[in-house]
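Chemist: This structure is in structure tokens; I'll ask about it shortly.
The values are calculated or read from the model by the stated rules, or taken from the named source; none is laboratory data. Values in this document were obtained by computation on a predicted structure and should not be read as measured data. Please note: Cβ atoms are built from the backbone with ideal geometry, for glycine as well, and neighbour counts cover all protein chains shown. For the accessible areas, the whole protein counts, side chains as well, though only heavy atoms, and no ligand, DNA or RNA atoms are used. Shrake-Rupley method; radii C 1.70, N 1.55, O 1.52, S 1.80 Å.
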Amino acid sequence: MNKGNKLYEGKAKIIYETRDKNLVIQHFKDDATAFNNLKKSKVEGKGVLNNRISEYILSNLSQCGIKTHLVKRLNMREQLIRKAEIFPIEFIVRNIATGSLTKRLDISEGTVLEKPLLEYCYKKDELHDPLISKEHIYSFGWATEKEIKEIDKISLRINDILLGMFRGIGIKLVDFKIEYGKAWNKDTEEKEIVLADEISPDTCRLWDVKTEKKLDKDRFRKDLGNVIQGYQEVARRLSIMPEETNISEVNFGKTTSIKFKKK
Ligand code: 5GP
């Protein structure tokens, strides 16, 4: 699939057009940002790992009947995805209180929530992605009630599947952020809601079950060190990286030297 013009460059990804107007190529960068771009750095190999981890997770979700934008992984850093009209909303699902929830409402860190908590943030960097209510979404036409009802249902289903998937490899899924969009379905000839985001240690909080060690982007946000080793540990436990590969020792300038296990 030939890469066309750059359509969009975000903090961690670049989107390129293809010859098919309904498909785009998503490139995973090594750039890491936090606190609305105030903290910036490169984490060598992060893009490669997120590409592979996200492919693995989205493929599994798809096998469970969740519609996603993923068509296929093309190479170490790129995926072919369906072009989607993205809702300007970040959908957050929380199982354990941490991060902005504990700060905002003074909830004790680590409180296990009775049931998953759904939150909505307006995607607007200038405003620091503020928390919004469903009423804001409906009032300003960011999505309809019918769409939010469907998305909430999908988010909870994704949470159930991911909780099980991670629990099986000794990881607690603390919370995650996902985005949705509307993509063209060529069979029904209608647009449909699809999960249109990566799911990776960049977008989830993942804690080791026994030690509560963080295996996600909080290692970068909080200067905990060994960022790539955390991501690598997730890939290793998901069995998508050979045991002997140590990402930290690999020169990612030559990404072709890393081999992932075949599915
Ligand atoms: P919090 O609101 O506690 O900062 O984040 C909740 C969850 O959503 C965390 O898993 C966090 O990684 C994810 N999240 C929230 N906003 C963003 C964002 O702008 N980018 C990314 N990659 N993840 C986000």
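Chemist: List the number of the failed condition for Thr102; all other conditions in (1) touching an Asp or Glu at 6+ places or on another chain (Cβ under 7 Å); (2) more than 16 Å from Ile89 (Cα to Cα); (3) in contact (Cβ under 8 Å) with a residue 40 or more places away in the chain hold.
Modeler: Result: Thr102 passes all but (3).
Every residue, every condition in (1) within 16 Å of the ligand (Cβ to nearest atom); (2) crowded, with 16+ Cβ neighbours inside 10 Å; (3) in the same structural domain as Val93 (by TED's automatic domain parsing); (4) outside any loop (DSSP other than H, G, I, E, B), yes or no:
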site	(1), (2), (3), (4)
Tyr120	yes, yes, yes, yes
Glu135	no, no, yes, yes
Tyr138	no, no, yes, yes
Gly141	no, no, yes, no
Lys146	no, no, yes, yes
Lys149	no, no, yes, yes
Ile154	no, yes, yes, yes
Arg157	no, no, yes, yes
Leu163	yes, yes, yes, yes
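Chemist: Could you list all residues from the range 165-185 that are open to solvent by less than 30 Å² (accessible area, probe 1.4 Å) and under 17 Å from the mean Cα position of the chain (by Cα)?
Modeler: Residues satisfying the conditions are Phe166, Ile171, Leu173, Val174, Asp175, Phe176, Ile178, Glu179, Tyr180, Gly181.
Chemist: Conditions first: (1) open to solvent by less than 30 Å² (accessible area, probe 1.4 Å); (2) touching a Gly at 6+ places or on another chain (Cβ under 7 Å). Gly45 passes all but one, so which condition is the exception?
Modeler: Among (1) open to solvent by less than 30 Å² (accessible area, probe 1.4 Å); (2) touching a Gly at 6+ places or on another chain (Cβ under 7 Å), Gly45 violates only (2).
Chemist: State whether the residues of the range 186-201 include one that is at pLDDT 95 or above, surrounded by 18 or more Cβ atoms within 10 Å (Cβ to Cβ) and over 19 Å from Ile81 (Cα atoms).
Modeler: yes
Chemist: Please go through the range 70-112 and give me each residue that is more than 16 Å from the ligand (Cβ to nearest atom) and closer than 30 Å to Gly141 by Cα, ordered by number.
Modeler: Answer for the range 70-112, where residues must be more than 16 Å from the ligand (Cβ to nearest atom) and closer than 30 Å to Gly141 by Cα: Leu70, Val71, Leu80, Ile81, Arg82, Lys83, Ala84, Glu85.
Chemist: Quick check on my filter: what residues within the range 48-87 are open to solvent by 20 Å² or more (accessible area, probe 1.4 Å), assigned to a helix (DSSP H, G or I) and touching a Ser or Thr at 6+ places or on another chain (Cβ under 7 Å)?
Modeler: The answer is Ser62, and nothing else.
Chemist: To continue, here is another question. For residues that are within 19 Å of Leu101 (Cβ to Cβ) and more than 10 Å from the ligand (Cβ to nearest atom), tally how many sit in the range 170-218.
Modeler: Number satisfying all stated conditions: 4.
Chemist: Still on this structure, I have one more. Just to check your reading of the model, which residue among Arg73, Arg77, Arg157 is within 17 Å of the chain's Cα centre (by Cα) and without any contact (Cβ under 8 Å) to a residue 60 or more places away in the chain?
Modeler: So the residue among Arg73, Arg77, Arg157 that is within 17 Å of the chain's Cα centre (by Cα) and without any contact (Cβ under 8 Å) to a residue 60 or more places away in the chain is Arg73.
Chemist: Identify all residues within the range 204-239 that are without any contact (Cβ under 8 Å) to a residue 12 or more places away in the chain, open to solvent by less than 40 Å² (accessible area, probe 1.4 Å) and part of a loop (DSSP other than H, G, I, E, B); write none if there are none.
Modeler: Scanning the range 204-239 gives a single hit, Gly225.
Chemist: Given the condition modelled with pLDDT of 95 or more and within 17 Å of the chain's Cα centre (by Cα), answer yes or no: does some residue in the range 99-118 qualify?
Modeler: Checked the range 99-118: at least one residue is modelled with pLDDT of 95 or more and within 17 Å of the chain's Cα centre (by Cα).
Chemist: Okay, moving on. Residues to consider are Glu126, Glu135, Glu150; find the one that is in contact (Cβ under 8 Å) with a residue 40 or more places away in the chain and out of contact with any helix residue (DSSP H, G or I) (no Cβ under 7 Å at 6 or more places or on another chain).
Modeler: When all the criteria are applied, what remains is Glu150.
Chemist: Quick one: count up the residues across the range 4-42 that are more than 13 Å from the ligand (Cβ to nearest atom) and in contact with a helix residue (DSSP H, G or I) (Cβ under 9 Å, 6 or more places away or on another chain).
Modeler: 4
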